[in-house]
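Only one structure is covered here, and it is reproduced in the block below.
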Amino acid sequence: MKGPIWQKSSFSGGGEGNDCVELASSTPTTLHLRESETPVTVLTTTPAPLGDLLRAVRDGLL
């Protein structure tokens with residue numbers, strides 16, 4: 001079985017740096033997040049809670 005395809009955050013500055021957040025999906029409703037520096041630690045969520053988190057961060061609530 002092939003593993004997820006990880007995508008770097010657009011805020012990571014590109015290149016091969018290791019300080020960024022990466023996102024992958026294994027199904028349309030399952031998302032995985034990890035930090036490049038510690039790729040073995042993976043958080044799993046669904047789109048709705050992740051969207052809520054991103055909106056809260058964007059709006060300065062967190």
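Tabulated results
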read-out	value
Any hit, region 12-21, residues being modelled with pLDDT under 90, outside any loop (DSSP other than H, G, I, E, B) and not β-branched (V, I, T)	yes
Hits in region 28-47 (condition: hydroxyl-bearing (S, T, Y), part of a strand (DSSP E or B) and either modelled with pLDDT of 90 or more or touching a helix residue (DSSP H, G or I) at 6+ places or on another chain (Cβ under 9 Å) (or both))	T30, T41, T44, T45
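The values are calculated or read from the model by the stated rules, or taken from the named source; none is laboratory data. Model, not experiment: these values are computed from the prediction. For neighbour counting, all protein chains shown are included, and Cβ atoms are generated from backbone atoms with ideal geometry for every residue, glycine included.
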